[in-house]
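Read through the structure below, which is laid out as structure tokens, and then see the notes.
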Amino acid sequence: EVVTRLAGQVLRLLEDEGVVDRRGGYRLPAAYTHEELGAMVGANRVAVTRAFGRLQDEGAVELRRRVIHVGDREALRRIAEQRS
């Protein structure tokens, strides 16, 4: 499922380049487009946009000015580990 692959990719990017933000969460310093992320996880832009909606609904991530902020890393990890 796209949402599990996307959650896993965001976690990998976070480990490689994530920084702590002012709110005590984490963020990716680079602004990735949904197309770029789709290429990373084997999905189209629309599917990535839907998957981000689900990740935001779960409180795992927030998109602000195209920057991915991770407020709940454990929720993101749980989603990444789900099997479809």
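Here, each number is a calculation from the coordinates, and none is a lab measurement. This is a predicted model, so every value here is computed, not measured. For neighbour counting, all protein chains shown are included, and Cβ atoms are generated from backbone atoms with ideal geometry for every residue, glycine included.
Nearest 10 degrees is fine. How inclined is helix 45-57 to the longest principal axis of the chain, computing both from alpha carbons?
Between the helix axis and the principal axis of the chain, the angle is about 50 degrees.
Using amide H atoms built 1.01 Å from N in the peptide plane, name the residues 5+ places from Tyr32, or on other chains, whose amide H lies under 5 Å from its own.
It is Ile68, by chain and number.
Per the helix-only calculation at 222 nm, which mean residue ellipticity applies to the chain, given -39500 (n - 2.57) for every DSSP H run of n ≥ 4 and division by its residues, nearest 500 deg cm²/dmol? Intermediate results must be reported in sequence, preceding the final value.
Details: 4 runs with 46 residues, N = 84.
Theoretical 222 nm ellipticity from helices: -17000 deg cm²/dmol.
Take the alpha-carbon centre of the stretch 1-16, take the same for the stretch 39-62, and report the distance between them in whole Å.
10 Å
Residues with beta-carbon under 10 Å from that of Ala51, excluding Ala51: net charge, scoring Lys, Arg +1 and Asp, Glu -1?
Result for the local shell: +2.
Once phi is turned into θ = phi - 60°, what whole-Hz ³J(HN,Hα) does the Karplus curve with 6.51, -1.76 and 1.60 give for every residue of the stretch 11-18, x standing for Gly and Pro?
Calculated HN-Hα couplings, in order: 4, 5, 5, 4, 5, 7, 9, x Hz.
Glu15 versus Val67, label points 7 Å from Cα toward the beta carbon: distance in nm?
For the pair Glu15/Val67, the computed spacing is 2.4 nm.
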